[in-house]
Each structure stands twice: as C-alpha cells, then as structure tokens.
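What follows is one structure encoded as structure tokens, with my remarks underneath.
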Amino acid sequence: MQKPIDLRSDTVTKPNPEMRRAMAEAEVGDDVFGEDPTVNALQEKAAEILGKEAAIFVCSGTMANQVAIKAQTYSGDEIIADKNSHTFNYESGASAALSGLTIHTIKGTRGILTVDQIREAIRPDDHHFAPTRLISLENTHNRGGGSVYPLEEIIRIHELAEEVGLQMHLDGARLFNASVATGIDPKEYARYFDSVSFCLSKGLGCPVGSLVVGSAELIDKVHRYRKMFGGGMRQVGILAAAGIYAIDNNISRLKEDHDNAKELGGALPAIKGVAINPEEVETNIVIFDVAGTGMNASSVTDRLREHGVLMLPVSPTRVRAVTHLDVTAEDIGIAIRAIHQVFS
Ligand SMILES: *Cc1c(COP(=O)(O)O)cnc(C)c1O
C-alpha cells in the first residue's frame, strides 16, 4: 500500500535532505553557556524578522508559551485567553501548575476575541478578584480553523492593554501562515505584543523547536524560566540549523499549503451532509462537520484511513485536515476522491 496522505497535522513533516545537511554541518557549542553559534544566529534572525530586541530558542511551542507567560505574571494572577486557545486546552494545565494562574476564558468567534469582550473580562481593582495581568491571543487560531486575527482588532486590544497596564502575549505557533495569507509583515503583527512565540515544527517543517521573542529584559527572564522548566539544552545548534534553514526556505511556500487547503475546503460542500463554509478556510487548516452525514467524526477518519488518507477527529462531529510541505496538490486531489468514496 502507498504511503498514506497525512493531513492530521502540520507537525508530521519530515526534514528534507537539505535541512538534514544543514543540521549535520552546523557549528555547535554549549548553549547553556550561550556558546552555540548556530543557536545564537537563529535567535538573532528570529528577533530580526519579528522586529524585537531578543529571542530565545526553546524545545516546544508549549514551553515557548509557558516560559513567556511565567516571565510576565505572578502566582495568583489571572490571564485572559480564548476558550478554545491552545494555551488553555492543550498545554496540560501548565499555566495553573507552573505559574499559579487562573485563565479567564472567553468564547471568541473562531478563536478571535474582540476588544469589547476583553474589556468586560478585565477584573476591577478589588481584593475579591485575581488581578488580571496578561492577554494571550493566538494567530492563526488552531481550533478556530486556522483563522487569522484581524490586525485592526489586535491594535484595539493593544490600546486597551496600554490603557489599563496589561501585558500582551501572542501564541504565534502559525504566525507566518497569518503573514503569508494577509501579506502583513510579521513585524507588524509582533509590534503590538510584549512577547511572541512561534513554532519551527509546524508549517515550517523542522523536527523540533520554537522561539520566544521580546525585549532583551524579558528574554533574559525567560532564559531563567527555560532553565527552571528543564529546557536548557547543550549542543543544540544541530536543531537550530534546521530552524535557520526553515526560516530561509519554508516561509513563502506556505502559500502552497493555503492553496491546497482552499482546494480541499472548496470541494467539501458538494458532499451531502458535510457542513463547512469554504470562505472560512483562510490558511492551512480545514475543519468540517459531519453531523449531517449520520456518521461521527472518528468513524469518518477510520474510513478515510482505509483509503490511505489521515485526518483528525477534533470533536464528536468535527474533522480536521491540515496541509503542509509534505502534501502536494496531487495528494489533495486523491484526498478529495477518498472523501467522496467514504460518503458515497
Ligand atoms: C502546536 C501549537 C502550539 C505548541 O505545541 P507543541 O506541541 O508544544 O510544540 C502552541 N500553540 C498553538 C496554537 C499550536 O497549534
């Protein structure tokens, strides 16, 4: 049987020979001493492309978010985030466990919160309440279906944060997808946030790694928490080299992933009982509801697997497909035919 077409996530990509070569040839040193030249080069590059003073390489997106949040809060604080955010749902309760925070969740529209919703969630200065300290946004939004945060809303939220003295964190695991989809410079997104995390191991195709960017002062604090959380790594230039390769080669090509996702999303309304608004496929994530077909999401993904196509059930009735650099336009055609067969 042929290799399955794996649309479960953009984390399933494998490093190509050029990336592996860059890794094999990387100059390394002990990064806990700050002496790995390749890590240092990656960090400088990340800070530069996001227009911040400094950056730090960490081992996962979860760690990136959690060290950034830890460095900007005190135990007992409250942070504001969307109910469907990665930080709230998929980081194993880390903000509570590691930073002693409560998360004030708000239900956004496809993960997007408005400034009015956030204003309402900010706690008054009263000792009954946990002090609100930080707003965490996610762009693009994973459970929101790859939705892109409107820049105007980010600007309004930033103005509010300035007005009342709140920190702003961006979970930018897929920030470059947002940037490629809109043509907005990643720097322009980043400037409204104190800290930004982004992942190398999603659409950019690296085996490991994320970065946090921010002011030099903030990144210095983050450095300590990275060590505290067990994330100090040694000759890790081998992994940073993959990151440099990815930033240089794999950003603008994200457009292909978006085109493939649109192709897939556009084919789904033709299937009876499948609910999706193709207009909502903004980047590389396609989420569709199969309630109307009489099948549940996991029986759909089981059937698709028999046809050599892997997707992920993300709720009892919703299925997610994510495009990435190991999926071609031809693969999408095959996936569409498989979906037709499953529902015929
Ligand atoms: C994948 C992802 C992360 C980080 O996940 P890790 O698996 O810890 O690397 C963070 N935020 C969002 C929105 C993500 O999709």
**Item:** From Leu218, Leu239, residue being away from the ligand (no atom under 16 Å from the Cβ) and either closer than 28 Å to Ala97 by Cβ or without any contact (Cβ under 8 Å) to a residue 12 or more places away in the chain (or both)
**Value:** Leu218
**Request:** Could you check how many residues of segment 182-194 are buried (at least 24 other Cβ atoms within 10 Å of the Cβ) and in a loop (DSSP other than H, G, I, E, B)?
**Result:** 1
**Prompt:** If you scan segment 174-214, which residues turn out to be within 10 Å of the ligand (Cβ to nearest atom) and closer than 21 Å to Met233 by Cα?
**Reply:** Ser197, Phe198, Cys199, Leu200, Ser201, Lys202, Val208, Gly209, Ser210
**Request:** Have a look at Ser179, Ser201 and point out the one that is in a helix (DSSP H, G or I) and of a type in the set (Gly, Ala, Ser).
**Result:** Ser179
**Message:** Here is a list: Val327, Val319, Val286. Which entry is under 17 Å from Asp10 (Cβ atoms), free of Cβ contacts under 8 Å to residues at least 60 places away in the same chain and not in a helix (DSSP H, G or I)?
**Reply:** Val319
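Would you confirm, using the coordinates I've provided, whether Glu138 is at pLDDT 95 or above, within 15 Å of the ligand (Cβ to nearest atom), farther than 18 Å from Phe193 by Cα and buried (at least 20 other Cβ atoms within 10 Å of the Cβ)? Talk me through it step by step, then tell me what you get.
Numbers: at pLDDT 95 or above: yes; within 15 Å of the ligand (Cβ to nearest atom): yes; farther than 18 Å from Phe193 by Cα: no; buried (at least 20 other Cβ atoms within 10 Å of the Cβ): yes.
No: the conditions fail for Glu138.
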**Single residue of segment 37-55 satisfying the filter (surrounded by 19 or more Cβ atoms within 10 Å (Cβ to Cβ) and aliphatic (A, V, I, L, M)) that is farthest from Glu188 (Cα to Cα)** = Val39
**Request:** Working carefully through the options Ala68, Ala55, Ala96, find the one that is part of a helix (DSSP H, G or I) and either under 14 Å from the mean Cα position of the chain (by Cα) or away from the ligand (no atom under 13 Å from the Cβ) (or both).
**Result:** Ala96
**Prompt:** Exactly one of (1) assigned to a loop (DSSP other than H, G, I, E, B); (2) touching a helix residue (DSSP H, G or I) at 6+ places or on another chain (Cβ under 7 Å); (3) surrounded by fewer than 19 Cβ atoms within 10 Å (Cβ to Cβ); (4) not aliphatic (A, V, I, L, M) is unmet by Thr105. Its number?
**Reply:** (1)
**Complete:** Residue count, segment 141-165, condition surrounded by fewer than 22 Cβ atoms within 10 Å (Cβ to Cβ) and in contact with a Lys or Arg (Cβ under 8 Å, 6 or more places away or on another chain), comes to 1
**Among the candidates Thr73, Thr87, residue that is polar (S, T, N, Q) and either surrounded by fewer than 17 Cβ atoms within 10 Å (Cβ to Cβ) or under 29 Å from Glu280 (Cβ atoms) (or both)** = Thr87
**Given (1) away from the ligand (no atom under 16 Å from the Cβ); (2) under 24 Å from the mean Cα position of the chain (by Cα), number of the condition Tyr74 does not satisfy** = (2)
**Fill in**
Only unsatisfied item for Glu91, checking (1) in a loop (DSSP other than H, G, I, E, B); (2) more than 20 Å from the chain's Cα centre (by Cα), is (2)
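Which ones in segment 141-167 are within 16 Å of the ligand (Cβ to nearest atom) and assigned to a strand (DSSP E or B)? Even if it seems obvious, please write down each step before you answer.
Going residue by residue through segment 141-167, those that are within 16 Å of the ligand (Cβ to nearest atom) are 141-149, 154.
Selection gives His141, Ser147.
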**Request:** Output the number of the condition that Ala64 fails; it satisfies all remaining conditions of (1) touching a Cys at 6+ places or on another chain (Cβ under 9 Å); (2) closer than 30 Å to Ala329 by Cα; (3) of a type in the set (A, V, I, L, M).
**Result:** (2)
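The values are calculated or read from the model by the stated rules, or taken from the named source; none is laboratory data. Every value quoted in this text rests on a predicted model; they were computed, and no experiment measured them. As a convention, Cβ positions derive from the backbone with ideal geometry for all residues, glycine included, and neighbour counts pool all protein chains shown.
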